[in-house]
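The values are calculated or read from the model by the stated rules, or taken from the named source; none is laboratory data. In this text, all values refer to a predicted model and were calculated from it rather than measured experimentally. We place every Cβ from the backbone using ideal geometry, glycine too, and count neighbours over all the protein chains shown.
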Amino acid sequence: MRYSRIAATGSYLPAKVLTNFDLEKMLNTSDQWIRERTGIERRHIAADGETTVDLAEHAVRAALDAAGCRPEDVDLIIFGTTTPNLFFPNCGVLLQARLGCRGVPAFSVETACSGFMYALSIADKFVRAGEAKRALAIGAETLSRITDWTDRSTAVLFADGAGAVLLEPAEAPGIVSTHLHADGGYWDLLYSGGGTDLSKPSRAITMKGNDVFKIAVNTLTKSIEETLAANRIVPAALDWLVPHQANLRIIQATARRLDLPMERVITTVQDHGNTSAASVPLALDFGVRSGKIRRGDLILLEAFGGGFTWGSALIRY
């Protein structure tokens, strides 16, 4: 049998930091209100002219450096994002041009906050099938470009960043299993317009927060339970839960349902905000580089996003 493993992780955050106190000057809100409802204290915002691919390139080069690999060693690029530089070419192709690994497959997946989970699952299958030796799975976003900064319900949540992992072949499962789902019946609860549907001309994120919260908690719990059941393990067997960093209350509610102590949950939402497809790889890289996550640890990743789409993965790091 052929498996894949995470050879290395990388991440990048823009230099500009926007705090809750900065938002107090822009909106009818307060640091206390934001913390109590979201757990967010600060978030990073891309500079003028700084693109989604710019952020991703920094994250990818950090992962390649950590793995001791060169860009030309990469033979597959899968890029999860909902804020692409262009309609086309896709962000995977634009990143490939930066890296110089010309000729290898490079494409994007557009599944909102689950973008990295989908990218990871696809990359794992390419490596298992023997069609890739070193595959990049990326999540990167510049959500500040589609945020309505006059809308208190969304402006306090979203931010920019990028994360990446490099997969390589392994004799034992590193990516133990992945599980992907979607339900388009809920599309109007969380979306961004501005595409070719002229009935939705605004690109600004539109969200029915209470509805999304309830469905997210229930769905994420079921997704995690599905992954645990598929691998015949209990939550206590996990070393770490690395969840989508959308809202601290969602993370805490999910952990409670699984009877997992927060000490075994990686949380970065307080410093990063909701970076959509970037949030899971950003949190994973934080866990690795902070020394919390170590080789051999059993980790569960999960994410939930607009669509709705969701996914989870069990990983032996």
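Tabulated results
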quantity	calculated
Residues of the stretch 178-207 classified as in a loop (DSSP other than H, G, I, E, B), modelled with pLDDT of 90 or more and either more than 23 Å from Ala159 (Cβ to Cβ) or over 21 Å from the mean Cα position of the chain (by Cα) (or both), total	1
Answer residue from the stretch 251-279, given it is in contact with a Pro (Cβ under 7 Å, 6 or more places away or on another chain) and either among the hydroxyl-bearing types (Ser, Thr, Tyr) or part of a helix (DSSP H, G or I) (or both) and is modelled with the highest pLDDT among those	Ile251
Selected residue (criterion: farthest from the chain's Cα centre (by Cα)) from residues of the stretch 93-133 that are in a loop (DSSP other than H, G, I, E, B) and surrounded by 21 or more Cβ atoms within 10 Å (Cβ to Cβ)	Ala132
Qualifying positions in the stretch 19-41 - closer than 17 Å to Asp160 by Cβ and without any contact (Cβ under 8 Å) to a residue 40 or more places away in the chain	Thr19, Asp22
Qualifying residue in the stretch 138-148 (condition: surrounded by fewer than 18 Cβ atoms within 10 Å (Cβ to Cβ) and under 18 Å from Gly115 (Cβ atoms))	yes
Residues within the stretch 53-82 that are outside any helix (DSSP H, G or I) and not β-branched (Val, Ile, Thr), tallied	7
Close pairs (8 angstrom Cβ cut-off, 6 or more residues apart or separate chains): crowded, with 20+ Cβ neighbours inside 10 Å in the stretch 1-18, among the aromatic types (Phe, Trp, Tyr) anywhere	Ile6/Tyr317; Ser11/Phe286
Residue tally, condition within 19 Å of the chain's Cα centre (by Cα) and either in a helix (DSSP H, G or I) or not β-branched (Val, Ile, Thr) (or both), over the stretch 223-244	7
